[in-house]
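Let me begin by presenting the structure, written as structure tokens, before commenting on it.
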Amino acid sequence: MQPHHAAATRTPFRVTAGARPHLLAVPSEPTAAKVARDFIRTALRGTPLAPLLDNAVLLTSEAVTTSHLRTPASTDVLLRLLTADHGLRISVHDEAAGRIPAQTAAAPGQEPGHRLLLFRYLADDWGTAPAAGPRRSPALWFELRTARNRDS
């Protein structure tokens, strides 16, 4: 699973002095995606990053759902949101063994990997990263940038 931008052409996410971290730990239950969506809406509504809200909510929901589907209910899903003046970075960590599958199971009438296609088309950058801590699997992360800070 590779990000859709080559590393040489993307602008790295800069952590500026005004960057704000937000953390959410939620049990891996069917309601996890809704809790995560509400968390993102609350964090972004009324801020200069509000234009990114719809894509951030949709991609967060997909990332948390992917984690929920691959983890037992006795574990937590950890969502990290980092906001800066130029955009945001969201990463979702879980405690499932192994790596994040390149293809997700398809619902009837959908092609395999449909969730990850959303990241490819809506995120300015995305991928997986080694997780912090001994029990965490790799994190699925994505970045959204404000229009004035996107690569052309």
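The values are calculated or read from the model by the stated rules, or taken from the named source; none is laboratory data. All figures in this text were calculated on a predicted structure; none of them were measured in a lab. Heads up, the Cβs are rebuilt from the backbone with ideal geometry, glycines too, and the neighbour counts pull from every protein chain shown.
Is it the case that segment 124-134 has a residue that's buried (at least 16 other Cβ atoms within 10 Å of the Cβ), at pLDDT 90 or above and closer than 22 Å to Leu24 by Cα?
yes
Conditions first: (1) surrounded by fewer than 17 Cβ atoms within 10 Å (Cβ to Cβ); (2) within 14 Å of Arg89 (Cα to Cα); (3) at pLDDT below 90. Phe13 passes all but one, so which condition is the exception?
Condition (1) is where Phe13 drops out.
May I ask you to say which residue of Leu117, Leu140 is surrounded by fewer than 16 Cβ atoms within 10 Å (Cβ to Cβ), within 16 Å of the chain's Cα centre (by Cα), modelled with pLDDT of 60 or more and among the aliphatic types (A, V, I, L, M)?
Answer to the check: Leu117.
Only one residue in His68, His5, His86 is modelled with pLDDT under 90 and over 21 Å from Glu143 (Cβ atoms), so which one is that?
His68
When segment 23-56 is examined, which residues are found to be part of a helix (DSSP H, G or I), surrounded by fewer than 19 Cβ atoms within 10 Å (Cβ to Cβ) and without any contact (Cβ under 8 Å) to a residue 40 or more places away in the chain?
Scanning segment 23-56 gives Lys34, Val35, Arg37, Asp38, Arg41, Thr42, Ala50, Leu53, Asp54.
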